[in-house]
Amino acid sequence: MKQAQQHEKLVMDANDVARALTRIAHEILERHKGTKNLALVGIRTGGVHLAHRLAQRIQEIEQSQVVIGELDITLYRDDLSVRKDQPVLRKTSIPFNVTDLIIVLVDDVLFTGRTIRAAMDGLMDLGRPAEIQLAVLVDRGHRQLPIKANYIGKNIPTARDEEVRVCLEELGEEDRVVILKPTA
Amino acid sequence: MSLKRKDLLNIASLDPEEIRLILETADSFKEVSGREIKKVPALRGKTVVNLFFEPSTRTRTSFELAAKRLSADVINFSIATSSVVKGETLLDTARNIEAMQADIIVLRHPAAGAAEALARTVKSSVINAGDGWHEHPTQALLDLFTLREKKLEFKGLQVAIVGDLAHSRVARSNIYALTKLGAEVRVVGPPTMIPAYLDRLGVKVYYHLDEALRGVQVIMMLRLQLERQGRALFPSIREYSRLYGLTAERLQLAESGAVVMHPGPINRGVEIAPDVADSLASVILAQVTNGVAVRMSVLYLLSGGN
């Protein structure tokens with residue numbers, strides 16, 4: 001149960017989110033000198049929307065299309081056998097062969113790193129990418145696995161018990177990132 | 001939402017939301033089955049036991065593939081090789097299997113209610129893979145999944161189930177499942193094979209195939225169990241086939257684009273003409289493919305932490 005009373009702190013507004021995504025798009029293109037062999041794979045659900053936005057920016061900057069996949073990591077979670085209820089499955093849709101591609105995984109928040117571990121295992125089951133990179137809108141720290149992002153929108157120091165929420169227009173809210181602090 | 005039950009014993013006790021959840025979850029598993037590496041680690045470390053007291057190749061193989069594609073370990077017990085021939089009862093056999101830490105037991109048994117009795121005895125999850133003339137829930141679920149894949153809307157869908165309704169657990173499970181989702185079900189067969197209680201399940205009973213097929217969108221053929229022929233339920237296979245066999249001409253009576261289903265194994269030339277079984281209207285092999293995805297969905301949903 002979420003607490004009814006939570007203190008909410010704004011850390012990125014709509015403009016900050018837009019600028020961060022534009023910068024990440026440039027960084028990806030600079031690193032790869034274009035879009036050859038490049039594919040974006042968004043992690044459900046937030047990551048998928050961000051991947052589409054990045055692809056749109058890349059298209060605007062470079063006038064070339066980049067392919068997008070959508071990955072559901074549920075079946076690769078490491079807590080399936082300890083949870084009481086099975087989480088709802090969503091569909092993975094990667095309409096291209098990942099072998100020999102450079103895959104940029106896209107997620108909204110990087111936290112413990114467990115989701116990314118699951119996503120990498122999921123991708124590996126689909127083929128053998130040449131390289132897997134990671135782009136996140138927010139890195140909030142507290143890693144439990146040796147995982148690091150290649151492209152970061154914003155580093156946000158947090159306490160473990162705080163919650164970072166990424167609100168997106170696609171999910172029916174105004175673009176922003178907030179930290180929710182549990183009140184004592 | 002998740003499936004809040006330990007076992008899958010029948011369709012009768014499922015509510016429409018649970019049926020929809022199983023079908024939607026199966027979508028994801030169909031995608032997994034289409035991959036080059038058809039395996040996900042979701043049930044790693046879990047043990048699934050197939051306990052089959054009746055001969056079955058299709059269903060057992062389907063459950064086995066489903067469990068293996070989820071990375072579970074699978075053990076198959078079949079009647080011919082088990083200690084049942086040494087006089088052990090079903091519940092004792094099951095207790096022994098449970099003592100080996102099986103997480104899920106898939107049971108097929110000739111006695112109606114066997115799965116339910118088992119589920120009450122053991123802590124493992126139990127999936128009914130057919131109990132006597134009672135139910136065969138995963139078959140009905142895979143039939144629904146196949147219809148849904150054909151973009152058919154269940155509400156108001158006209159379905160005819162043809163054949164030996166009295167001895168068919170497939171028919172019973174399908175009647176429950178289809179009516180729960182709002183389909184209109186007709187059943188048709190010789191009077192000796194239509195039990196009196198059927199109209200209480202909300203279906204329309206017909207005795208003439210041509211009448212029953214008029215305007216339907218789905219035709220589900222049941223297997224004529226030739227081993228029952230000695231019981232005088234019908235005079236001869238030839239007569240049965242003439243009156244209740246689905247031919248290309250009869251298929252014309254149904255709505256154009258109607259779908260023909262059969263749970264298999266088919267008796268070619270008896271309940272279904274070979275050209276119909278092999279026609280574009282037939283989804284018989286799609287049913288088999290979808291069976292694996294639907295069983296993966298059920299195994300996954302029942303395997304939540306114990």
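The values are calculated or read from the model by the stated rules, or taken from the named source; none is laboratory data. These figures come from a predicted structure and were not determined experimentally. Quick reminder, even Gly has a Cβ in these numbers, built from the backbone with ideal geometry, and neighbours come from all protein chains shown.
Summary table below
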{"read-out": "Residue identified as within 19 Å of the chain's Cα centre (by Cα), charged (D, E, K, R) and surrounded by fewer than 21 Cβ atoms within 10 Å (Cβ to Cβ) among B:Lys204, B:Lys123, B:Lys150, B:Lys155", "value": "B:Lys150"}
{"read-out": "Verdict on B:Glu135 being within 19 Å of the chain's Cα centre (by Cα) and surrounded by fewer than 24 Cβ atoms within 10 Å (Cβ to Cβ)", "value": "no"}
{"read-out": "Output for the stretch B:42-69, where each listed residue is part of a strand (DSSP E or B) and either within 11 Å of B:Ala129 (Cβ to Cβ) or of a type in the set (A, V, I, L, M, F, W, C) (or both)", "value": "B:Val48, B:Val49, B:Asn50, B:Leu51, B:Phe52"}
{"read-out": "Long-range neighbours under 7 Å by Cβ, at least six apart or interchain, first residue under 19 Å from A:Leu21 (Cα atoms) within the stretch A:171-184, second part of a strand (DSSP E or B) and of a type in the set (Asp, Glu)", "value": "A:Val178/A:Glu8"}
{"read-out": "Lone qualifier among A:Glu173, A:Glu169, A:Glu162 - being more than 20 Å from A:His49 (Cβ to Cβ), more than 9 Å from chain B (Cβ to nearest Cβ) and charged (D, E, K, R)", "value": "A:Glu162"}
{"read-out": "Verdict on B:Pro265 being of a type outside the set (Val, Ile, Thr) and over 19 Å from the mean Cα position of the chain (by Cα)", "value": "no"}
{"read-out": "Residue within the stretch A:101-124 that is surrounded by 18 or more Cβ atoms within 10 Å (Cβ to Cβ), within 14 Å of chain B (Cβ to nearest Cβ) and assigned to a loop (DSSP other than H, G, I, E, B) present", "value": "no"}
{"read-out": "Residue within the stretch B:276-294 that is surrounded by 23 or more Cβ atoms within 10 Å (Cβ to Cβ) and within 14 Å of chain A (Cβ to nearest Cβ) present", "value": "yes"}
{"read-out": "Residue in the stretch A:80-100 that is at pLDDT 95 or above and either buried (at least 22 other Cβ atoms within 10 Å of the Cβ) or of a type in the set (D, E, K, R) (or both) present", "value": "yes"}
{"read-out": "The one condition in (1) more than 14 Å from A:Ala135 (Cα to Cα); (2) touching a residue at least 12 places away in the same chain (Cβ under 8 Å); (3) in contact with a helix residue (DSSP H, G or I) (Cβ under 9 Å, 6 or more places away or on another chain) that A:Ile43 fails to fulfil", "value": "(1)"}
{"read-out": "Residues within the stretch A:65-88 that are in contact with a Leu (Cβ under 7 Å, 6 or more places away or on another chain), part of a loop (DSSP other than H, G, I, E, B) and more than 8 Å from chain B (Cβ to nearest Cβ), tallied", "value": "1"}
{"read-out": "Test: residue in the stretch B:74-83 that is closer than 27 Å to B:Thr289 by Cβ, surrounded by 15 or more Cβ atoms within 10 Å (Cβ to Cβ) and at pLDDT 95 or above", "value": "yes"}
{"read-out": "Residue within the stretch A:50-62 that is aliphatic (A, V, I, L, M) and surrounded by fewer than 18 Cβ atoms within 10 Å (Cβ to Cβ) present", "value": "yes"}
{"read-out": "Qualifying residues in the stretch B:30-39 (those that are more than 8 Å from chain A (Cβ to nearest Cβ) and part of a helix (DSSP H, G or I)) - the one farthest from B:Ala177 (Cα to Cα)", "value": "B:Ser33"}
{"read-out": "Residues satisfying the stated conditions in the stretch A:82-114, i.e. within 25 Å of A:His32 (Cα to Cα) and out of contact with any helix residue (DSSP H, G or I) (no Cβ under 9 Å at 6 or more places or on another chain)", "value": "A:Pro95, A:Phe96, A:Asn97, A:Thr99, A:Asp100, A:Leu101, A:Gly113"}
{"read-out": "Conditions (1) in a loop (DSSP other than H, G, I, E, B); (2) over 13 Å from B:Gly163 (Cα atoms); number of the one not met by B:Arg223", "value": "(2)"}
{"read-out": "Residue in the stretch A:90-97 that is within 14 Å of chain B (Cβ to nearest Cβ) and outside any loop (DSSP other than H, G, I, E, B) present", "value": "yes"}
{"read-out": "Spans of helices (runs of 4 or more DSSP H) in the stretch B:103-201 with at least 3 residues closer than 23 Å to B:Phe29 by Cα and modelled with pLDDT of 95 or more", "value": "B:137-149, B:169-180"}
{"read-out": "Condition met for B:Arg186 (over 23 Å from B:Val276 (Cβ atoms), buried (at least 18 other Cβ atoms within 10 Å of the Cβ) and not hydroxyl-bearing (Ser, Thr, Tyr))", "value": "no"}
{"read-out": "The stretch B:5-29, subset away from chain A (no Cβ under 14 Å) and part of a loop (DSSP other than H, G, I, E, B), residue surrounded by the fewest Cβ atoms within 10 Å (Cβ to Cβ)", "value": "B:Asp15"}
